[in-house]
Amino acid sequence: MKKLVIGDSYNFNFKFSENDQKLYRELSGDNNYLHFKEFKLKNKKQKPILYGLLLSSMYSKAIGNYIPGPGSIIMSANIRYHNYAYTNLEYSLKVNVLHISEGLGIIKLFSKITRDDELISSAEFEVTKAQ
């Protein structure tokens, strides 16, 4: 396996179905109506929004499978949500290596999720690898 260097990146596309949203609701027990029926926000009708942590599960997928990959352990995460996400739309995730501290065994990552050119979520992670 190739050794990681600062600037390495990986990206992939994904989408969640209404069934994924339903399964997450059942698994998490989060019954907030904003996730399964239309609502009004500032007098504007909104369709149900995707669970933020369901969306963020794609960060885990990226870290655990691609960069740094298998054996990765997330030590800290700072996740921000900039815009709503919805089911049945395609999103793109990109993860970048920002810093590598070989002495401490910590890798700092920056990742973002976009839809077209719209920023949906961004996150910074500190990750280590199992021995």
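Lys129 is checked against (1) closer than 21 Å to Val5 by Cβ; (2) in contact with a Gly (Cβ under 8 Å, 6 or more places away or on another chain); (3) at pLDDT 95 or above and fails just one. What number does that condition carry?
(3)
Do we find that Lys61 is of a type outside the set (A, V, I, L, M) and modelled with pLDDT under 95 in this structure?
When the stated conditions are applied, Lys61 does not pass them.
Where the second residue is of a type outside the set (S, T, N, Q) and part of a helix (DSSP H, G or I) and the first is more than 12 Å from Asn88 (Cβ to Cβ) and without any contact (Cβ under 8 Å) to a residue 40 or more places away in the chain and lies in region 1-24, which pairs have Cβ atoms under 6 Å and are six or more apart or on separate chains?
Correct list of pairs: Tyr24/Leu54.
Lys108: charged (D, E, K, R), surrounded by 14 or more Cβ atoms within 10 Å (Cβ to Cβ), more than 24 Å from Ile49 (Cβ to Cβ) and at pLDDT 95 or above, yes or no?
yes
Which numbered condition in (1) within 21 Å of Val97 (Cβ to Cβ); (2) at pLDDT 95 or above is the only one that Leu55 fails?
The failed condition is (1).
Can you list residue pairs whose Cβ atoms sit under 9 Å apart, with the first residue in region 77-101 being without any contact (Cβ under 8 Å) to a residue 40 or more places away in the chain and over 22 Å from Tyr66 (Cβ atoms) and the second being among the β-branched types (Val, Ile, Thr) and outside any loop (DSSP other than H, G, I, E, B)? Count only pairs 6 or more apart in sequence or on different chains.
Cβ pairs passing all conditions: Asn83/Ile120; Tyr84/Ile120.
The values are calculated or read from the model by the stated rules, or taken from the named source; none is laboratory data. Not measured: the values here are computed from a predicted model. Note that we place each Cβ from the backbone using ideal geometry, even for glycine, and neighbour counts take in every protein chain shown.
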